[in-house]
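Read the structure below first, then the notes.
Read-outs throughout are calculated quantities, based only on the coordinates presented, and are distinct from any laboratory measurement. Every value quoted in this text rests on a predicted model; they were computed, and no experiment measured them. Note: ideal-geometry Cβ built from the backbone for every residue, glycine included; neighbour counts use all protein chains shown.
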Ligand SMILES: Cc1cc2nc3c(=O)[nH]c(=O)nc-3n(C[C@H](O)[C@H](O)[C@H](O)COP(=O)(O)O)c2cc1C
Ligand code: SF4
Ligand code: SF4
């Protein structure tokens, strides 16, 4: 059968995009198939629902937020439907842990009609940091992505459509919560980036914010929620976006000093 390989992903700081793009390209080469990509990072691209069929292999990629599938994406993910398509679930985590994110994504895809035949958890530079898992996915990670593509190809060629088993709790653990200096849970919803006087008003952050939250006329203003995705912070050409919230900065610092040991990608077939 001639398959089409589809890469469908959300990627605020580009690490998920790197892994899904490489996996889709390598798998399509193996299968001599065409590729199609749907990047749903921007709100406009979450207005269109998607439907796949038995000629499709769909690689769905997300970052891990608080050990889970980002909750703001669940409604959209439930509009991606399958009538007989195979799926590969991919999550990117920032060298802490992916906890129940992979099993949650697998279950969402399964509930929407996909046969989930493979899953992978890869490491990406942490959204909060430029030193934690710096530069990842790197060359070694991308070689593992290629090997994963070969293994998926072998599974498909052998005719095995067996559903993958991935680690995690079927009763998902609660969203991972950072602690304040008294050991109490921090309410991250209150934390928002600030803008300093270096801002040149180029509007890049307005076009990148996955929540469409940054006000066009006053880029220091947010009209909607902030998910702390890092897109405006990491991409501002003059580093004008920053956080000054003590709890955020403490959490970032703790992650940076505690998680120096390199975690490796994990794949499941
Ligand atoms: C709100 C938020 C929560 C996060 N929670 C986790 C986590 O629980 N474990 C982890 O290892 N990384 C966590 N990360 C880091 C991202 O999963 C990681 O950096 C990922 O590579 C980002 O993907 P992207 O570049 O496609 O946006 C979190 C990032 C954000 C923004
Ligand atoms: S990307 Fe940076 S410089 Fe450009 S408008 Fe946003 S904050 Fe200002
Ligand atoms: S305002 Fe918040 S949600 Fe929007 S790009 Fe910046 S960090 Fe991400």
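When the stretch 207-240 is limited to residues that are touching a strand residue (DSSP E or B) at 6+ places or on another chain (Cβ under 6 Å) and within 21 Å of residue 252 (Cα to Cα), the one that is nearest to ligand 1 (Cβ to nearest atom) turns out to be 233. Set side by side, the residues 205, 226 differ, and just one is within 16 Å of ligand 3 (Cβ to nearest atom), in contact with a helix residue (DSSP H, G or I) (Cβ under 6 Å, 6 or more places away or on another chain) and within 17 Å of residue 13 (Cα to Cα), which is 205.
Any residue at all in the stretch 189-202 that is within 12 Å of ligand 3 (Cβ to nearest atom), farther than 25 Å from residue 132 by Cβ and either in contact with a strand residue (DSSP E or B) (Cβ under 8 Å, 6 or more places away or on another chain) or assigned to a loop (DSSP other than H, G, I, E, B) (or both)? Talk me through it step by step, then tell me what you get.
Kept after step one, since they are within 12 Å of ligand 3 (Cβ to nearest atom), are these residues of the stretch 189-202: 189, 191-195.
Applying the additional criterion that residues be farther than 25 Å from residue 132 by Cβ yields none.
The answer is no; no qualifying residue exists.
Wholly within the stretch 64-139, which strands (runs of 3 or more DSSP E) include no fewer than the required count, namely at least 3 residues that are in contact with a helix residue (DSSP H, G or I) (Cβ under 9 Å, 6 or more places away or on another chain)? So that I can check it myself, show each step before the final result.
On the way: elements: 80-83, 86-93, 115-123.
Filter on the stretch 64-139 gives 86-93, 115-123.
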